[in-house]
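To start, the structure itself, in structure tokens.
The values are calculated or read from the model by the stated rules, or taken from the named source; none is laboratory data. Worth saying up front: this structure is predicted, and the values here are computed from it rather than measured. Quick reminder, even Gly has a Cβ in these numbers, built from the backbone with ideal geometry, and neighbours come from all protein chains shown. The area values use the complete protein model at the heavy-atom level, side chains included, leaving out ligands, DNA and RNA. Shrake-Rupley method; radii C 1.70, N 1.55, O 1.52, S 1.80 Å.
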Amino acid sequence: MAGPVPVLSATASGDAGVAHAGSGTYTVTPTVTSDGGTESQLIRTTTTFPAGVQPALPTAAAGWSCSIAGQVETCDYAVDAAAPIQPGTALPALSLPYTVSGAARTVSVSTVIASTDAEAVTVSRDVAIQPQQVLVTAGDVTAEHGATAALTATVASTAT
């Protein structure tokens, strides 16, 4: 026996609401808890985004290597066997960007965190996809009673 088995946990956070056609971030912070031993094996997160929520690769994910296949984003954290992760250590947060489309609704993004020597755990976060706000503006028009006037209006999204 090499000692106690590592125990993994994680927290999920990020944007709780995103406008239709907007973008947001889902963040996972895995931890090797103090309830077990050291972790010397690769740690993998497998995040499933629901239909209408398209994942994108993170721009900076310290120590993480990520890939996307359809609605699933897989990220690996390589652990140096000569310097295992000590119990009670949080790994660098993994912030996964996404864009949304489809009807307004609440969806759940979930992540499974696992290694070859620790039991897998799952965390999730609900995201409310909100209707896209619309701004309507019209130019000034002056007309006398009974006269015909042309009015020009602009309709635009208020999403940034």
Over all alpha-carbon pairs of the range 37-82, lay out the pair-distance distribution in 5 Å bins, whole %, shortest bin first.
5, 21, 26, 19, 13, 9, 5, 2, 0
Give the accessible surface of the chain per residue, rounded to a whole number of Å², with probe radius 1.4 Å and ligands, DNA and RNA excluded.
56
Net charge, Leu8 excluded, C-beta distance under 11 Å - Lys, Arg +1, Asp, Glu -1:
-3
For labels at Ala62 and Ala138 in the simple 7 Å Cα→Cβ model, what's the distance in nm?
5.5
Would you mind checking which residues have amide H under 5 Å from Val79's amide H? H placed 1.01 Å from N; only 5 or more apart, or other chain.
Leu42, Ile43
Based on Cα coordinates alone, diagonalise the gyration tensor for the chain, multiply each eigenvalue by 5, take square roots, and list the semi-axes in whole Å, largest first.
49, 13, 12
Counting only protein heavy atoms and a 1.4 Å probe, tell me what percentage of the range 78-150's accessible area is made up of carbon and sulfur.
52
State the answer as a single residue: which of Phe49, Ala143, Thr31 lies farthest towards the positive end of the charge dipole of the chain, with beta carbon charges of +1 for Lys and Arg and -1 for Asp and Glu, about the Cα centre.
Ala143
Testing the spin-label approximation: label points 7 Å from Cα along Cα→Cβ at Asp80 and Val121. State their distance in nm.
2.5
For the chain, modelled as a Gaussian network with Cα springs under 10 Å, which listed residue fluctuates most, Val53, Val107, Val136?
Val136
Only Cα pairs within less than 10 Å get springs; with that Gaussian network setup on the chain, which residue of Glu144, Glu39, Glu73 has the largest fluctuation?
Glu144
